[in-house]
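Below is one structure, written out as structure tokens; the observations come after it.
The numbers here are math on the coordinates, done by the rules we state, and not lab data. Note that the coordinates shown come from a computational prediction; the quantities given were computed from them, not determined experimentally. Glycine also receives a Cβ, built like all others from the backbone with ideal geometry; neighbour counts cover every protein chain displayed.
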Amino acid sequence: MSSPARCRGVTLVELIVTIVVIAAAVFGVIALTSATATRSADTMLQVQAVVIGESYLNEILQKPFGSDCGPCTRLHMDKVADYNGLLDVGVQDATGTAVTNLNSYTVQVSVVNSALGTAPQVPALQSELVTVTVTSPNGRSIALSGYRTLYP
């Protein structure tokens, strides 16, 4: 005779159900972690694109108003409007040297005369709108803009 105290344990059905439930939970956690990791890489690419755009925009806006060279090399761009039409496939520093590991980004610069503000406004001939567009390796683009004016 067996006593109720000796009948401890689990049946085969209970064991299989437990394994299935644990496997489903582990699969859910792994799927969630994978999705999060994928999205965090996209976020890093966007943040890097913003930093690149800020760098270009700061470099350009520190230059004096106007233009003094037509198509010229990056090293000779010494006024804001000289940067109009700049297209860098792969990030470059102010001297035109490629920046390591950022060759999959594309940077485009547009400089146009644009009136600034409401009446009384800075006339278009005395204000330049600089737009830097950076395209990241995943194909997403960000655009940063700033104004440079001709000081009186």
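See the values below:
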{"read-out": "On Cα atoms only, tilt of 12-61 relative to the major axis of the chain in degrees", "value": "10 degrees"}
{"read-out": "Electrostatic dipole magnitude of the stretch 19-142 [Cβ: Lys, Arg +1; Asp, Glu -1; Cα centre; debye, to 20]", "value": "340 debye"}
{"read-out": "Size-normalised alpha-carbon gyration radius of the chain, reference 2.2 N^0.38 Å", "value": "1.97"}
{"read-out": "Calculated [θ] (222 nm, deg cm²/dmol) that DSSP helices of n ≥ 4 give over the chain, each run adding -39,500 (n - 2.57)", "value": "-12500 deg cm²/dmol"}
{"read-out": "J(HN,Hα) series, the stretch 127-133, from Karplus relation 6.51 cos²θ - 1.76 cosθ + 1.60, nearest Hz, glycine and proline x", "value": "9, 10, 8, 9, 10, 10, 10"}
{"read-out": "Unit charges at the beta carbon, dipole of the stretch 16-134: most positive-side option, Gly66, Ala94, Tyr105", "value": "Tyr105"}
{"read-out": "Gaussian network model of the chain, Cα within-10 Å springs - most flexible of Gln62, Gln121, Gln92", "value": "Gln121"}
{"read-out": "Mean separation of Cα contacts under 8 Å (6+ apart) over length of the chain, as relative contact order %", "value": "20 percent"}
{"read-out": "Trypsin sites (Lys or Arg not before Pro) within the stretch 1-92: DSSP coil, no more than 16 neighbouring Cβ in 10 Å", "value": "Arg8"}
{"read-out": "Dipole-positive endmost among Val21, Ser145, Ser40 within the chain (Cβ charges, Cα centre)", "value": "Val21"}
{"read-out": "Reference-scaled alpha-carbon Rg (2.2 N^0.38 Å with N residues) for the stretch 37-79", "value": "1.68"}
{"read-out": "Among Gly90, Gly117, Gly53: highest mean-square fluctuation, GNM of the chain, C-alpha pairs under 10 Å", "value": "Gly117"}
